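Inspection log for the structure reproduced underneath, given as structure tokens.
The values are calculated or read from the model by the stated rules, or taken from the named source; none is laboratory data. Just so it is clear, the model here is predicted, and its values are computed rather than measured. In this analysis, Cβ positions are derived from the backbone assuming ideal geometry, glycine residues included, and neighbour counts consider all displayed protein chains. When the accessible area is computed, the model is the full protein with side chains, heavy atoms only, and any ligands, DNA or RNA have been set aside. Shrake-Rupley method; radii C 1.70, N 1.55, O 1.52, S 1.80 Å.
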Amino acid sequence: ETLILSSSAFDMLLPVPSGVTVAPSGSWRRCSFDRISMGLLLCSVGARAGSHEAVSRIDSGHARVKESVGQCEVHGSSAATVPAGQGGPIATLIGPSVAECCGNCSTSDICDWFNWHPHSSQQGGPPWCQLLRGNATLSPVHNDGFDAGRVTSRPPTCTTAMDCTLAGECVNGSCVCDGWTHGTRCNILNLEPASTTAPGYRNASGYNSWGGASIQDPVTGKWYLFASQIAGKCALLGAWSVLSEGVRLVSTQGPTGPWVFDAVVLPTFAHNIKPFRAPDGTWLIFYIGSPNNSTRRCDNTSAADADLVDTINSMITSEGNAAAAANARFGLDPRGSAQPGASVQPSSHPATEVDPPFPRGHGTAGPIFVASASAVDAPPEDWTIHGPLTDSLNWHSATNPSAVFNPNGTVSLAVSRGWEFAPGQYDKTTVLMQAESWRGPYVNLTDGYAESIHTGEDPDMFRTRRGWHMLNHNTGPGSSVLSYSLDGLQWVVPKQEPNAFNLTVPFDNGTVAEFCQRQRPQIVMASDGMPGWLWSGVMVRDAQGNCPSSDHVSTSPPTWTLAQPIGRKVGIWKL
């Protein structure tokens, strides 16, 4: 006995989780969108009334599952296995039917087979779907309900620009990309080889850095790089949350350098540096930090430096020590609420009681500030510090600020927030905030964990003429999918799509670097209104090609700030 399962592309939605109320027909909950199919947003935490799935039964040697999103051949009591080194599992989904398992696989660029079972972990549990890449072999399974499926046909790639990641036009069922991306759904950055003479910021004197971005002065034509550098030639791991500082460099040749060091604009502690120019002409640096003015050195292996390493590690490895110290400096209690007589007041609404998971500063080092100046090359003492900017639920749970200046004068802010489910169980998502101007106050647009965007950490949010986009650190040690949105509020976060960038970086001399980590993505826009350069923090491999995992300062691998041009393939771009 086999099943033919069919679903309308305009009615099929993901299953409604337990405890979620089905909204009236045509209405939606705010949520994070998992994927897009034939122009329909499929939502993981809400549903629309009227969804259905028709099932008919026939007799045959195997099943054919047919959806409007693709076709799959399903073999009962079988398991699909991909040989080692030729592909393998790419995702495991909990809850979908066989039809939805087929739909997820057939609409993914990288899925070829799937395994499905009606119970994920124990009898009575939800269905389980494993997506596979590569040519699989079938083997019999004496397990009731265990099926293996192969994608036999895929649907048209697109019906609207939404199916093309808002980075291209849908033409006769296929995506024609705008130029800054490529791929079946225009979801891969069109990265060109990095320059060997101007690859970003790799300090020749031994200073480590971890991300930043360049910005041009329209009057002088000079480019300025603002980056997060670890003071005293200390390493990133084990020292960044105490010794990071904001530095400025200048170039007369281009947006990727070569650079001449100019000044330490923001002394320790300052991290997640992102420069902007506001519509009113003010130069801004969004960042996280709290001033401690540390001036330590880590550039040799003397006994004194060994003691210093132990001191730094003791400051940051004990949960909450760095946060407590910063709270004391700003007159904040452990939850982040302002104490009487505090010199710095919260610029957003005060703390409120929330249900778990709770905002938590584990592994983060807020709060968020913005520095302002009338000139991009203003001396350090002329930069004015504003903040903390975020709500006071937990100052240190909010990091990685990424601002977008809207045509109506408001400022949208994407922020990475840490959450604690239980002791030792944490997650990071993106929360959205908005203010009438860059000065704030910033008000939450997403309340709590459920309404946050599940994109991982390090959000970099930017706008093109088609819509909003976001890069993060979310699919491994150095990669991210390209998320997108029409309005900047409801986001499509791809789950089984290719990465927009990864750890492999070619250079213009023919060499290729495979980094240990690549995080803190930042897009710098080009004059045509499209992304022109990708900046990121990269961690190099050691002499043996390995990636050390120690967070001990003296053994951490070097890090620097890489710039990679984004090219322009021939495509459609509507002005």
The simple spin-label model distance between Asn135 and Glu436, using points 7 Å out along Cα→Cβ, in nm, is 6.5
Please report, in debye to the nearest 20, how large the charge dipole of the stretch 435-572 is about its Cα centre when each Lys and Arg carries +1 at its beta carbon and each Asp and Glu carries -1 there.
420
With each pseudo-label sitting 7 Å past Cα toward Cβ, what's the Gln86-Val260 distance in nm, one decimal?
5.9
Please report the carbon-and-sulfur percent of the accessible area for the stretch 93-239; probe 1.4 Å, protein heavy atoms only, DNA, RNA and ligands left out.
50
If each residue of separation counts as 0.36 nm, what is the full-extension length gain between Ser374 and Val219 once their alpha-carbon separation is subtracted?
54.5 nm
So how strong a dipole does the stretch 412-500 carry about its Cα centre when Lys and Arg Cβ are +1 and Asp and Glu Cβ are -1, to the nearest 20 debye?
300
With the other protein chains left in place, how much accessible area per residue, in square angstrom, belongs to the stretch 142-260 at a 1.4 angstrom probe?
35
Given a 1.4 angstrom probe, I'd like the percentage of the accessible area of the stretch 413-497 that is carbon and sulfur, rounded to a whole number.
51
Of the options Leu191, Ser205, Gly145, report the single residue whose Cα projects farthest towards the positive end of the charge dipole of the stretch 142-209 (beta-carbon charges: Lys, Arg +1; Asp, Glu -1).
Ser205
Residues of the stretch 424-467: accessible area per residue with a 1.4 Å probe, Å²
40
Per-residue ³J(HN,Hα) for the stretch 172-182, Karplus 6.51 cos²θ - 1.76 cosθ + 1.60, θ = phi - 60°, Hz, x for Gly and Pro
6, x, 10, 7, 10, 6, 6, x, 7, 10, 8
Between Glu192 and residues 5 or more places away or on another chain, the pairs with built amide H atoms under 5 Å apart involve Ile566, Gly567
Protection-proxy order for peptides 379-388, 527-536, 93-102, each taking the mean of Cβ atoms within 10 Å per residue, highest first
93-102, 527-536, 379-388
